[in-house]
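Structure record follows, encoded as structure tokens.
The values are calculated or read from the model by the stated rules, or taken from the named source; none is laboratory data. Computed from a predicted structure; not experimentally measured. Cβ atoms come from the backbone with ideal geometry, glycine included; neighbour counts cover every protein chain shown. Ligands, DNA and RNA are stripped out before the accessible areas are found, and what is left, the full protein with its side chains, is counted by its heavy atoms. Shrake-Rupley method; radii C 1.70, N 1.55, O 1.52, S 1.80 Å.
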Amino acid sequence: MKSPLLSLPGAVPAEGVDEGVAAHYGDLFREQRALADGTGFVDLSHRGVVTVTGEDRLSWLHLLLTQHVSDLPAGQATEALILSANGHIEHALYLVDDGTTVWAHVEPGTQEALIAYLESMKFFYRVEVADRTADTAVVHLPAGSITRAPASAAVRETPYGRDLFLPREELEAFAAEAGPAAGILAHEALRVEQQRPRLGFETDHRTIPHELGWIGTAVHLQKGCYRGQETVARVQNLGKPPRRLVFLHLDGSEVHLPPHGAEIRLADDGPDGRKIGFVTTSVRHHELGPVALALVKRNVPVDARLMAEETAAAQETVVEP
């Protein structure tokens, strides 16, 4: 989905998974500061949108998701995961129920696989699953924003701001009223500052929720059976995850940021040391400078000096070892 807001002055298209919306509109740090101050909005209209309707929607989703949603009050935002049988993360859903419909936005391009799985699990339940990506655009308003949500939008309110499920035909008119626009890079910089994981960035094919701190926010430990629950319970009760998420302060003298997948080693071991992790997301923050999220082995000392490829890095603990 290519956003019409790419026609706004200064818009520079994003690349990779975020292709279709603007990376920035000419001033990355100004856009970050605006969002931090509670002004402007972020065009997330490239994200997939899935709805579930029907009398059994919440009780049915409760059986499939890691989150407790059977009694989810209308208007209360939550997030949830779908795991493989081995407990590895397959999907991340950011959802809200408006009283008749569960609205969820997901990573770009993942909605088809998600819907295929949901359809395969319908059985006799009174539910209907729909891909609403073509007619619904996701827009993010930062925390503190006084911009009024249109009556036509479903609203998902979180401590980090409001996600609007907006009819796609209203996107340009909304942008004209809600500006200034901020690009996805500004949104990502604040996400990294907030130490929030993102599917496909902080995850790989073997990631389990404990490694990223998703226990509690996206995984409820006091609910019934769902696919992958055995792994969640075993790690929670008997062990520790093999890796842990860390927040990195990167050497600001380096021109280039270490990319996603950049290998991390102990600084004391030198460039030939063994790999102990990898960078998941790196950004330039308007106050903190160059920072990143990374996954490292659980037994890496919390005070160890690290190297992300050629860049020195100091770590802050996100997930306790």
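When Leu221 is tested against the conditions (1) without any contact (Cβ under 8 Å) to a residue 40 or more places away in the chain; (2) open to solvent by less than 60 Å² (accessible area, probe 1.4 Å); (3) under 23 Å from Leu95 (Cβ atoms); (4) touching a strand residue (DSSP E or B) at 6+ places or on another chain (Cβ under 8 Å), the lone failure is (2).
Which condition from (1) open to solvent by 60 Å² or more (accessible area, probe 1.4 Å); (2) within 30 Å of His205 (Cβ to Cβ) is the one that Tyr94 breaks? All conditions are met except number (1). Residues in the stretch 42-88 that are closer than 17 Å to Trp214 by Cα and among the β-branched types (Val, Ile, Thr): Thr66, Val69, Thr78, Ile82. Among the conditions (1) in contact with a Pro (Cβ under 7 Å, 6 or more places away or on another chain); (2) open to solvent by 30 Å² or more (accessible area, probe 1.4 Å); (3) closer than 25 Å to Gly216 by Cα, the only one that Ile89 does not satisfy is (2).
One line per residue, one yes/no per condition, for (1) open to solvent by 10 Å² or more (accessible area, probe 1.4 Å); (2) under 22 Å from Ala23 (Cα atoms); (3) not hydroxyl-bearing (Ser, Thr, Tyr):
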position: Val246; (1), (2), (3): no, no, yes
position: Val255; (1), (2), (3): yes, yes, yes
position: Pro258; (1), (2), (3): no, yes, yes
position: Ala262; (1), (2), (3): no, yes, yes
position: Arg265; (1), (2), (3): yes, no, yes
position: Arg274; (1), (2), (3): yes, no, yes
position: Pro290; (1), (2), (3): yes, yes, yes
position: Leu293; (1), (2), (3): no, yes, yes
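Out of Leu35, Leu72, one residue alone is under 20 Å from Arg284 (Cβ atoms) and either within 20 Å of the chain's Cα centre (by Cα) or assigned to a loop (DSSP other than H, G, I, E, B) (or both). It is Leu35.
No other residue among Gly109, Gly99, Gly87 is farther than 23 Å from Ala143 by Cα, over 20 Å from the mean Cα position of the chain (by Cα), in a loop (DSSP other than H, G, I, E, B) and not polar (S, T, N, Q) apart from Gly99. Among the residues of this structure, Ala74 does not count as one that is of a type in the set (Gly, Ala, Ser), touching a Gly at 6+ places or on another chain (Cβ under 9 Å) and under 18 Å from Met121 (Cβ atoms).
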